[in-house]
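Below: one structure, written as structure tokens.
The values are calculated or read from the model by the stated rules, or taken from the named source; none is laboratory data. The shown structure was predicted, so the numbers you read here are calculated from the model rather than taken from an experiment. Don't worry about glycine lacking a Cβ; one is built from the backbone with ideal geometry, like all the others, and counts go over all protein chains shown.
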Amino acid sequence: MNKKIIIAVFMLLVFTGIVFAECGNGSCETGENQCSCPSDCGQCSGDYSAAGACKELACVNSVCSVITKSGCCGNEMCESGEDYSGCPADCLPKSVDISLVFPDSNTFFVFGERVNLLVEVLVDNSTKAIGADVTAEGPFKTMKLYNDSQHGDGSAFDAVYGNYFIVTKDMLGQNTMTFTAFFRGLTGTATAELFVSPDLNIVLHVPEEVALGDVIDFSGNVFAKTIPAGMSLDANILFQGQTVFSETFESDSNSGAFSFSYPVSLLSKLGTYALEITGTDAEGNSADFSASFEVMEKVFPKGLKIEVLPLEQEIFSRGNEILLVVNLSDDKGLIVEGAEITVNAFEKQEKMFEFEPGKYSLALNIPFSAPAGENTIQISALKEQGPVTNRAFHEFVVTVEKTTVLAELLSPKEKVFKAGDTINFEVLVSYSNGHAVTNADVFVLIGTEEIQLLQPEPGTYSGNYMLTSEQYDVPVFSVKIVDEYGNVNSLEQEINVSGETFQFFLMRNIFWVLIIVAVVAGALFAVSKFGFTSAAKSKQKSETQKLEEKLEQLQTNYFKKGMISRKQYDVQAREIKTKLRSLKGRKF
């Protein structure tokens, strides 16, 4: 009984709304909408992001509809005031521009060297071209350049494209390279020169003057540009075109160092002697060194002696300092003041400081790019004494090991998540000297998933990942970092993934959600249809009964009481019967 009363009240309310709908009564009733009665049903205006980007609501033919918004980036129309740099979704670029990053015009290469080609591709001279198809043509034939951080091109998606090739003998001399970039239907080209010169460099100090009876100890290094070269070398000393000394020896492959001695006999002829050192390495690069020295009768002061004090440790890490302290003395053991002492190590040269008479020091910084393993440190001393120049040379080996880069996890700080949550990973990577690590591979490992983090700004690496139910049993995630020199670090943080977000639940059960929505919508439609039909039939019955009662009263007034005329009866009876026929003819 209660259910019937509730349904009857509901149908009465619906019927009342249908019959007495009136705009402005504060209720959006049947027959009213946002266009016909905005005061009751709300305004038909504003953005409508549910339909996608650049969509808004507007009245079209008195119906509130979703239309495309003008002046909006993403509406698939390149409008006034828009261009590719500001709205690549709608507008096409006008030009593709290529600039050479490496090599520059002052760089040459040797046989066997690996060359890293790098170009930057921009559109309209300002906007980075991400996803361009870039190729290089030259003595290496045709080669594709990539922007994926896997081909020496730096960070992925930074518009710097690169790849490698090895210099071969057929590339000797000047070579022209042509770079072509295809992007959004446009083509850009650029050319550059590649110069190959297979010349090795020999670094060797040769005294200007020596005396009869002296022994000249030659110590030097051979480099392929800045890389130590191990190879066979031939040394020849000539006097007036005649060879007086010849020796073949090998340079060290790790340091390029070599040494040999030439004893100047007391019977040697006085005059100018020529030293020539030549050799060819396995790649076909050649070394050619020549110098001269004078053999004189007078006796020169004996050489200087460099004594390196014991180091604080045997193995050093990249980024640390080696405190070098040396004592400089002559052949009689007397201290030597005011000398110029230089240190050659890690591809750079630095001068030592004399902090007290005969004692010199230098805090030698080990770069993060220093080769791991044994590294040679060379110390040279020079002291001018009137017309005589005294010299000394000493070298030793230190062991350098890879270091750990510093890493700080900026995000996430929280540890508890739900399936469907998106984690924003952000890691700050730097060296011990505070400098940002700008070229590293940074990955997050969470279960079986590996997420590569990109570098939006120097030293900061970030990326996003949406958790799923597969991470429910994962107790930790780890961050792995490897810089371009092999220095590494890793971080771990606990994580607890349980439950799921409402959005993830809907996404996982979308099929059943759609079915439930369809069923509910059908039920509501059926209820509303039934309520409307019942109310209409009830109204029809009530009006029919009233008209029949009115007709019966009219008949009584005319036939029995004679209160009205025939003409009045006919007019009123016809009007009542017409209304009855109309009511009985209605269908629901």
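Report, by residue number, each residue of region 256-276 that is at positive phi and crowded, with 16+ Cβ neighbours inside 10 Å.
Taking region 256-276 as the starting set, the residues that turn out to be at positive phi are 256, 271.
Within region 256-276, just Gly256 meets the criteria.
Please determine whether any residue of region 400-418 is of a type in the set (Phe, Trp, Tyr), assigned by TED's automatic domain parsing to the domain that holds Val437 and surrounded by 12 or more Cβ atoms within 10 Å (Cβ to Cβ).
yes
Filter region 147-164 down to the residues that are part of a strand (DSSP E or B) and out of contact with any strand residue (DSSP E or B) (no Cβ under 6 Å at 6 or more places or on another chain) and list them by number. Lay out the reasoning, then the answer.
Initial filter on region 147-164 (part of a strand (DSSP E or B)): 160-164.
Matches in region 147-164: none.
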Select the strands (runs of 3 or more DSSP E) contained entirely in region 436-490, then report the ones holding at least 3 residues which are within 17 Å of Lys413 (Cα to Cα).
-> 440-446, 460-466, 476-483
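Looking at region 240-254, can you tell me whether even one residue there is of a type in the set (A, V, I, L, M, F, W, C) and more than 28 Å from Asp331 (Cβ to Cβ)? Let's see the steps before the verdict.
First pass over region 240-254, keeping only residues of a type in the set (A, V, I, L, M, F, W, C): 244-245, 249.
Now drop any that are not more than 28 Å from Asp331 (Cβ to Cβ), which leaves none.
No, every residue in region 240-254 fails to be of a type in the set (A, V, I, L, M, F, W, C) and more than 28 Å from Asp331 (Cβ to Cβ).
Against the definition (surrounded by 15 or more Cβ atoms within 10 Å (Cβ to Cβ), of a type in the set (Gly, Ala, Ser), in contact (Cβ under 8 Å) with a residue 12 or more places away in the chain and over 27 Å from His151 (Cα atoms)), how does Gly447 come out, yes or no? Break it down into steps so the answer makes sense when it comes.
Working: surrounded by 15 or more Cβ atoms within 10 Å (Cβ to Cβ): yes; of a type in the set (Gly, Ala, Ser): yes; in contact (Cβ under 8 Å) with a residue 12 or more places away in the chain: yes; over 27 Å from His151 (Cα atoms): yes.
For Gly447, the condition - surrounded by 15 or more Cβ atoms within 10 Å (Cβ to Cβ), of a type in the set (Gly, Ala, Ser), in contact (Cβ under 8 Å) with a residue 12 or more places away in the chain and over 27 Å from His151 (Cα atoms) - is met.
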Going through region 281-304 one residue at a time, which ones are surrounded by fewer than 16 Cβ atoms within 10 Å (Cβ to Cβ) and not hydrophobic (A, V, I, L, M, F, W, C)?
-> Gly284, Ser286, Asp288, Ser290, Ser292, Glu294, Glu297, Lys298, Pro301, Lys302
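Got a sec? Which of Val222, Val160, Val167 is of a type in the set (Val, Ile, Thr), under 27 Å from Asn254 (Cα atoms), within 36 Å of the chain's Cα centre (by Cα) and buried (at least 16 other Cβ atoms within 10 Å of the Cβ)? Even if it seems obvious, please write down each step before you answer.
Working: Val222 fails: within 36 Å of the chain's Cα centre (by Cα); Val160 fails: under 27 Å from Asn254 (Cα atoms).
After ruling out the rest, the residue left standing is Val167.
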Evaluation of Glu120 against (1) farther than 30 Å from Glu283 by Cβ; (2) in a loop (DSSP other than H, G, I, E, B); (3) among the acidic types (Asp, Glu) (one fails), failing number | (2)
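Which is under 18 Å from Thr180 (Cα atoms), in contact (Cβ under 8 Å) with a residue 12 or more places away in the chain, touching a Lys or Arg at 6+ places or on another chain (Cβ under 6 Å) and not assigned by TED's automatic domain parsing to the domain that holds Ala282, of Thr127, Thr135?
Numbers: Thr127 fails: touching a Lys or Arg at 6+ places or on another chain (Cβ under 6 Å).
Thr135 is the lone residue from the list that is under 18 Å from Thr180 (Cα atoms), in contact (Cβ under 8 Å) with a residue 12 or more places away in the chain, touching a Lys or Arg at 6+ places or on another chain (Cβ under 6 Å) and not assigned by TED's automatic domain parsing to the domain that holds Ala282.
Filter region 311-332 down to residues that are part of a loop (DSSP other than H, G, I, E, B) and either over 54 Å from the mean Cα position of the chain (by Cα) or within 19 Å of Phe393 (Cα to Cα) (or both) and give me whichever is modelled with the lowest pLDDT. Talk me through it step by step, then tell me what you get.
So in region 311-332, the residues part of a loop (DSSP other than H, G, I, E, B) come out as 311-314, 318-320, 330-332.
When the remaining residues are screened for being either over 54 Å from the mean Cα position of the chain (by Cα) or within 19 Å of Phe393 (Cα to Cα) (or both), the result is 311, 330-332.
Working: Leu311: 90, Asp330: 82, Asp331: 77, Lys332: 70.
That would be Lys332.
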Of residues in region 333-365 being under 47 Å from the mean Cα position of the chain (by Cα) and in a loop (DSSP other than H, G, I, E, B), the one nearest to Val203 (Cα to Cα) | Glu347
Given (1) of a type in the set (A, V, I, L, M, F, W, C); (2) part of a strand (DSSP E or B); (3) touching a Gly at 6+ places or on another chain (Cβ under 8 Å); (4) in contact (Cβ under 8 Å) with a residue 60 or more places away in the chain, index of the condition Val398 fails = (3)
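Among the residues of region 368-390 satisfying the criterion of being loosely packed, with under 14 Cβ neighbours inside 10 Å and in contact (Cβ under 8 Å) with a residue 24 or more places away in the chain, which is farthest from Lys298 (Cα to Cα)? Give the derivation first.
So the first thing to find is which residues in region 368-390 are loosely packed, with under 14 Cβ neighbours inside 10 Å, and the list is 369, 373-374, 384-388.
So of that shortlist, the ones also in contact (Cβ under 8 Å) with a residue 24 or more places away in the chain come out as 369, 373-374, 385, 388.
Values: Ser369: 48, Gly373: 45, Glu374: 42, Gln385: 15, Val388: 11 Å.
Here the residue is Ser369.
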Sort out which residues of region 26-73 are buried (at least 17 other Cβ atoms within 10 Å of the Cβ) and acidic (Asp, Glu), and write them in order of number.
-> Glu29, Glu32, Asp40, Glu56
